[in-house]
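All remarks here apply to the structure that follows.
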Amino acid sequence: MPTRVSANCILIIMSEISPPAVEGYRMPAEWETHAGTWLTWPHNPETWPDQDMELVESDYLQIVKALAKGEPTHILVQDKSAEEDLHKKLEASGINMSQVFLYDIPTNDSWIRDYGPNFLVRGKDVAVNDWDFDSWGRKYKWELDDLVCSIIAEQLQFQKFKPGIVLEGGAIEVNGRGTCLTTDSCVLNPNRNGGIRREKMEEYLKNYLGVSKIIWLHGDLEGDDTDGHIDNLARFVNPSTIVCALEENEKDANFLGLQQNYERLKAAKDPDGNLFQIIPLPMPGYVGPREERLPASYANFYIANHAVLLPVYDHPNDQKALDLLTPFFPGREIIPIQCKTLIWGLGGIHCLTQQQPKGLIPAT
């Protein structure tokens, strides 16, 4: 049996005296070594309207199977019954069960990227930011999701920082070297923090992520209910290189907004004043029914210890995206994960995962 953890175990975590950056913490890049990956097993049919939940689970199994080959995989489940059922499914799928850990922590939804712990490192120490979560501006139910980070921090005894404002994990992207990408359409949206000023938000990002440079883009992906999460638009693949979603079809509704982001990134500089290398990443075209486009993007990939999980949509650009990313991840296999069903939840692989970095022993 995988390790089972109860949500009833509550430990006291001392509140911080100063923000994490002051104490030497930073948010590492996703490609830095993981101690594990966190997911929430799908359980809410309303997340995937008109979709067969068995198909949703089948796609999830592919994600778990790929992850468990290279790192511990932590999965939240609703209760003991759900845990027993999931164990049977994982075992029947041939998944390495020694790498799987189940936690009885109830949730409203499965997008743990946005409500789960935002992990930080300081040498060998690991801590978490517990940002407030309100379901992308109170669009859906969120009360259980908002408790998840605190419960995980208490159970695993991580030092916890509480910024006291709303921020989703999918809204930030860092290179581990002082730069953060985000979008004003999301993090400055009045539906989050009552219209927080850009200068104040930059102060929060610098203090709680350990960055010194913020690059602002604008989220304009059709069908995106997050108001423009960065992980659908632009991603670091190394400290100095950013892949940027770019639509080739000038008649496509996403063409102009993505082109503007691309131009903005080409002029962006790191904290030392150096330009980044900006690589256009193709889009998978129109995905979804005629009356409701879904926010499909190849930028929603996830970097695991041994692999990169790439969302694909049965589009000719699937192979182009795979070929484009491969040179940036030597030693990691690019694994295509079919997302034509998952995207009906308005999110992808990156939205469904949250990396826990491995603390590094400082060099002597």
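Across the range 234-248, what is the total count of residues that are within 13 Å of Cys180 (Cβ to Cβ) and in a strand (DSSP E or B)? Explain how you work it out, then say what you get.
Of the range 234-248, the ones within 13 Å of Cys180 (Cβ to Cβ) are 234-236, 239, 242.
From what's left, in a strand (DSSP E or B): 234-236, 242.
Number of matching residues: 4.
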ask   = Of all residues in the range 140-175, which are over 19 Å from the mean Cα position of the chain (by Cα), more than 17 Å from Glu202 (Cα to Cα) and assigned to a loop (DSSP other than H, G, I, E, B)?
value = Lys141, Glu143, Gln157, Phe158
query = Restricting to the range 65-78, what's the tally of residues that are in contact with a strand residue (DSSP E or B) (Cβ under 6 Å, 6 or more places away or on another chain) and over 17 Å from Ala35 (Cβ atoms)?
reply = 2
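I need the full set of residues from the range 121-159 which are of a type in the set (A, V, I, L, M, F, W, C) and on the phi > 0 side of the Ramachandran plot, in order please.
We begin by selecting, within the range 121-159, every residue of a type in the set (A, V, I, L, M, F, W, C); these are 121, 126-128, 131, 133, 136, 142, 144, 147-149, 151-153, 156, 158.
Of everything in the range 121-159, just one residue is of a type in the set (A, V, I, L, M, F, W, C) and on the phi > 0 side of the Ramachandran plot, namely Trp136.
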task = Within the range 4-20, identify whether any single residue is surrounded by 12 or more Cβ atoms within 10 Å (Cβ to Cβ), at negative phi, assigned to a loop (DSSP other than H, G, I, E, B) and at pLDDT 95 or above, and answer yes or no.
result = yes
task = Count, please, the residues in the range 113-132 that happen to be in contact with a strand residue (DSSP E or B) (Cβ under 7 Å, 6 or more places away or on another chain) and either part of a loop (DSSP other than H, G, I, E, B) or not aliphatic (A, V, I, L, M) (or both).
result = 9
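Going through Asn274, Asn317, Asn305 one at a time, which residue ends up being under 24 Å from His34 (Cα atoms), surrounded by fewer than 23 Cβ atoms within 10 Å (Cβ to Cβ) and of a type outside the set (A, V, I, L, M, F, W, C)?
Checking each option against the conditions leaves just Asn305.
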task = Within the range 275-305, track down each residue that is more than 20 Å from Glu248 (Cα to Cα), out of contact with any strand residue (DSSP E or B) (no Cβ under 7 Å at 6 or more places or on another chain) and either of a type in the set (Val, Ile, Thr) or touching a residue at least 60 places away in the same chain (Cβ under 8 Å) (or both).
result = Glu292, Ile303
message = Tell me the residue from Leu310, Leu322 that is assigned to a helix (DSSP H, G or I) and either surrounded by fewer than 17 Cβ atoms within 10 Å (Cβ to Cβ) or out of contact with any His (no Cβ under 6 Å at 6 or more places or on another chain) (or both), please.
response = Leu322
query = Within the set of pairs 6+ apart or on separate chains, which have a first residue in the range 87-114 that is surrounded by 16 or more Cβ atoms within 10 Å (Cβ to Cβ), a second that is part of a strand (DSSP E or B) and of a type in the set (Ser, Thr, Tyr), and C-beta atoms under 6 Å apart?
reply = Gln99/Thr73; Val100/Thr73; Phe101/Thr3; Asp104/Ser6; Thr107/Thr40; Ser110/Thr40; Ile112/Thr40
request  = Could you tell me whether the range 346-353 includes any residue that is buried (at least 17 other Cβ atoms within 10 Å of the Cβ) and more than 13 Å from the chain's Cα centre (by Cα)?
outcome  = yes
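Of all residues in the range 183-233 being of a type in the set (A, V, I, L, M) and assigned to a strand (DSSP E or B), which is surrounded by the most Cβ atoms within 10 Å (Cβ to Cβ)? Even if it seems obvious, please write down each step before you answer.
The first filter runs over the range 183-233 and keeps only residues of a type in the set (A, V, I, L, M), leaving 187-188, 196, 201, 205, 209, 211, 214-215, 217, 221, 230, 233.
Cutting the leftovers down to assigned to a strand (DSSP E or B) gives us 214-215, 217.
Numbers: Ile214: 18, Ile215: 21, Leu217: 25.
Checking each candidate, the answer is Leu217.
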Among the residues listed as Pro282, Pro357, Pro289, Pro295, the single one being within 19 Å of Val56 (Cβ to Cβ) and crowded, with 17+ Cβ neighbours inside 10 Å = Pro295
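Yes/no matrix, rows are residues, columns are (1) within 27 Å of Asn238 (Cα to Cα); (2) of a type in the set (S, T, N, Q); (3) over 15 Å from the mean Cα position of the chain (by Cα); (4) not in a helix (DSSP H, G or I):
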{"site": "Gly24", "(1), (2), (3), (4)": "yes, no, yes, yes"}
{"site": "Glu30", "(1), (2), (3), (4)": "yes, no, no, yes"}
{"site": "Ala35", "(1), (2), (3), (4)": "yes, no, yes, yes"}
{"site": "Trp38", "(1), (2), (3), (4)": "yes, no, no, yes"}
{"site": "Pro49", "(1), (2), (3), (4)": "no, no, yes, yes"}
{"site": "Glu57", "(1), (2), (3), (4)": "no, no, yes, no"}
{"site": "Gln62", "(1), (2), (3), (4)": "yes, yes, yes, no"}
{"site": "Leu67", "(1), (2), (3), (4)": "yes, no, no, no"}
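The values are calculated or read from the model by the stated rules, or taken from the named source; none is laboratory data. Fair warning: this is a prediction, and the values are worked out from it, not measured in the lab. With ideal geometry, Cβ positions are generated from the backbone for all residues, glycine too; neighbour counts draw on all protein chains shown.
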